[in-house]
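What follows is one structure encoded as structure tokens, with my remarks underneath.
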């Protein structure tokens, strides 16, 4: 007789075989996913440059100033101060001041050319864009804000002239004669010195109604007009 213990061992072994056969078998697979990095291209726009050129009308001369480029032209003729302003306005400008030595030399040389053209005189004057300040006229001429008059009482009127280094005056000027001299002329002398010891480029205060004069030095022979240079872009 087969023993009971043997039978039980057989049944147990059979159960284990059945259990193992029902378990699925598979190998563990390891996969690596590689993602490509996107490629980007940076495009930089080339900067655009604009060239600015400053120019003057034909027959005008350009000068560099603190505030920018300025054009000057001298017109020949005999004018009152108001007449000179009107003439400059008619050609697109204003009565001009003088800011630097280059401008003063240009104006003097052009003035001497005018005298040479006339041929019979050795001295004369040109109107400039300068006036005695309204705050320094009449009885106010002696106020502290107006004295000394050589560097306090007068202003440039063109709105584009800076500084007063070119306001150099004739001997004993400005004298504000009879409190009626508010305008400014530049004297031109085609010789070593002119009347009263004047030399070319010096200033003198005169009445704005002056055009002709009994003395050649103060006789108006021309006017100094100016305007801002015009910009062109390319």
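The values are calculated or read from the model by the stated rules, or taken from the named source; none is laboratory data. Everything quoted here is computed from the prediction, not taken from an experiment. Every residue, glycine among them, receives a Cβ derived from its backbone with ideal geometry; neighbour counts consider all protein chains shown.
Quick grid of which residues meet (1) at pLDDT below 95; (2) under 26 Å from residue 153 (Cβ atoms); (3) touching a helix residue (DSSP H, G or I) at 6+ places or on another chain (Cβ under 8 Å); (4) in a helix (DSSP H, G or I):
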position: 99; (1), (2), (3), (4): no, yes, no, no
position: 105; (1), (2), (3), (4): no, yes, no, yes
position: 120; (1), (2), (3), (4): yes, no, no, no
position: 128; (1), (2), (3), (4): no, yes, no, no
position: 131; (1), (2), (3), (4): no, yes, no, no
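Out of the residues in the stretch 109-135 meeting the condition of being within 31 Å of the chain's Cα centre (by Cα) and surrounded by 21 or more Cβ atoms within 10 Å (Cβ to Cβ), tell me which one is farthest from residue 188 (Cα to Cα). So the residue we want is 132.
How many residues are assigned to a loop (DSSP other than H, G, I, E, B) and closer than 22 Å to residue 125 by Cβ if we restrict to the stretch 60-92? The qualifying residues number 6. Applying the criterion of being surrounded by fewer than 20 Cβ atoms within 10 Å (Cβ to Cβ) and not in a loop (DSSP other than H, G, I, E, B) to the residues of the stretch 170-190, the residue that is farthest from the chain's Cα centre (by Cα) is 178.
Within the stretch 154-169, not a single residue is part of a helix (DSSP H, G or I) and over 20 Å from residue 215 (Cβ atoms).
Within the stretch 191-208, the residues that satisfy the criterion of being surrounded by fewer than 21 Cβ atoms within 10 Å (Cβ to Cβ) and modelled with pLDDT under 95 are 191, 192, 193, 195, 196, 197. Scanning the stretch 191-205 for residues that are out of contact with any strand residue (DSSP E or B) (no Cβ under 7 Å at 6 or more places or on another chain) and not in a helix (DSSP H, G or I) yields 191, 192, 193.
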